[in-house]
Amino acid sequence: MKAFNKNPSGLLAALFAVIIVFLGATLYEQGIISDEFYLKLLSAVQGNVTETSELEVHFIDVDQAECILIKTPEKTVLIDAGDIGYERKIENYLRTNGVFAIDLFIATHPHADHIGSASGLLKKFPVSEVIIPEIPEEFLPTTSLFEEFLLTLSFKNCKVSYAEIGKTFDLGNGISIEILGPAGYSGDNLNNYSVISKLTFGETSFLFTGDAEEEAELLLIDSGADISCTVLNAGHHGSSTSNCELFLKAASPEYAAISCGYNNDYGHPHKEVLSAFKDFGIDYYRTDFDGSIVFYSDGKNIKVSAKK
């Protein structure tokens, strides 16, 4: 009780802010208030909404799919959006972690396990900008899921850009994310069109590869991109079609995070990949065993927290 009585007005203000934010989220989801009004509301109470004083990278446990949240003191980035049916889980995870708007959404490629819940989330969160891969028209999927995603982008009037190699987004506080790939792939394998990006904060960095397979990894190396990183988002859920030895050697990460489902039908992560991680001295975490995995960086050091 002493702690409560110490500053009751501050506690009440924080509680009021939370109520306002969640009420605003409900009205926004129902289409009663606009993106602009909702963002102004968030800005007005921002000082009382959960924030971070450092870089956080969350590999959210969404079973055999992928969804990554990046939080900086100023910006929020979401990479992929899990599979169909995970909208509510991701929404709750974001709101619990103080996220009520997304500055940048990167849809690495149009497979269900990466954009399955994207349309639902785009309707519930204001999104400032969306990055998608440029895929030749003859290879574009014709699934109802992908068509719904495109319709949602149009309906929400989102600013949408194709992944442009070298384009960098300033996330504030000395943190940035740069688009590195895809680097010249031209076949019919949608995995190899995955948007590849690198997040940098001081002496630490994170490499996100979607489902890019070995051919795309080698093209990325040949492009001359700096893929060295502290933390690697293991390609294709830890599949042996990705994470080739040349790529691991060039990236030289200290940690790897694997998004995969328990006892999944694909056998991810594959034994060959885990063996390679061991050979290269890479400490790895996996969502099927560790739950949602969070990496914290102060620009020099990395800390890791697993939910299980």
Checking TYR284, TYR296 in turn, the sole residue that is over 25 Å from LEU219 (Cβ atoms), of a type in the set (Phe, Trp, Tyr) and either under 19 Å from the mean Cα position of the chain (by Cα) or outside any helix (DSSP H, G or I) (or both) turns out to be TYR296
Per the filter on segment 182-238, residues part of a loop (DSSP other than H, G, I, E, B), over 18 Å from LEU248 (Cβ atoms) and touching a residue at least 60 places away in the same chain (Cβ under 8 Å) are VAL195, GLY202, GLU203
Scanning segment 249-281 for residues that are without any contact (Cβ under 8 Å) to a residue 40 or more places away in the chain, touching a helix residue (DSSP H, G or I) at 6+ places or on another chain (Cβ under 9 Å) and assigned to a loop (DSSP other than H, G, I, E, B) gives ASN263, PRO269, HIS270, PHE280
So the helices (runs of 4 or more DSSP H) completely within segment 106-158 holding 3 or more residues that are buried (at least 20 other Cβ atoms within 10 Å of the Cβ) and assigned by TED's automatic domain parsing to the domain that holds ASP211 are 112-115, 118-124
Per the filter on segment 269-301, residues closer than 15 Å to CYS244 by Cα and crowded, with 20+ Cβ neighbours inside 10 Å are PRO269, VAL273, PHE277, ILE282
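Output the residue which, of all residues in segment 75-98 that are small (Gly, Ala, Ser) and surrounded by fewer than 22 Cβ atoms within 10 Å (Cβ to Cβ), is nearest to the chain's Cα centre (by Cα).
Filtering segment 75-98 down to residues small (Gly, Ala, Ser) leaves 81-82, 85, 98.
Filter again for surrounded by fewer than 22 Cβ atoms within 10 Å (Cβ to Cβ), leaving 85, 98.
On the way: GLY85: 17, GLY98: 15 Å.
In this case the residue turns out to be GLY98.
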Next item on the list: Return yes or no: is LEU55 touching a Phe, Trp or Tyr at 6+ places or on another chain (Cβ under 6 Å), surrounded by 14 or more Cβ atoms within 10 Å (Cβ to Cβ) and at pLDDT 95 or above?
Entry: yes
Checked pairs for segment 121-143, first of a type in the set (Gly, Ala, Ser), second in a strand (DSSP E or B) and exposed (fewer than 13 other Cβ atoms within 10 Å of the Cβ), C-beta under 7 Å and 6 or more apart or across chains, list as SER128/LYS159
Only one of ASP63, ASP103, ASP83 is of a type outside the set (A, V, I, L, M), in the same structural domain as ILE175 (by TED's automatic domain parsing) and in contact with a Lys or Arg (Cβ under 6 Å, 6 or more places away or on another chain), namely ASP103
Checking ILE165, ILE175 in turn, the sole residue that is within 17 Å of VAL57 (Cβ to Cβ), touching a Gly at 6+ places or on another chain (Cβ under 9 Å), of a type outside the set (Gly, Ala, Ser) and modelled with pLDDT of 95 or more turns out to be ILE175
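The values are calculated or read from the model by the stated rules, or taken from the named source; none is laboratory data. In this text, all values refer to a predicted model and were calculated from it rather than measured experimentally. Glycine also receives a Cβ, built like all others from the backbone with ideal geometry; neighbour counts cover every protein chain displayed.
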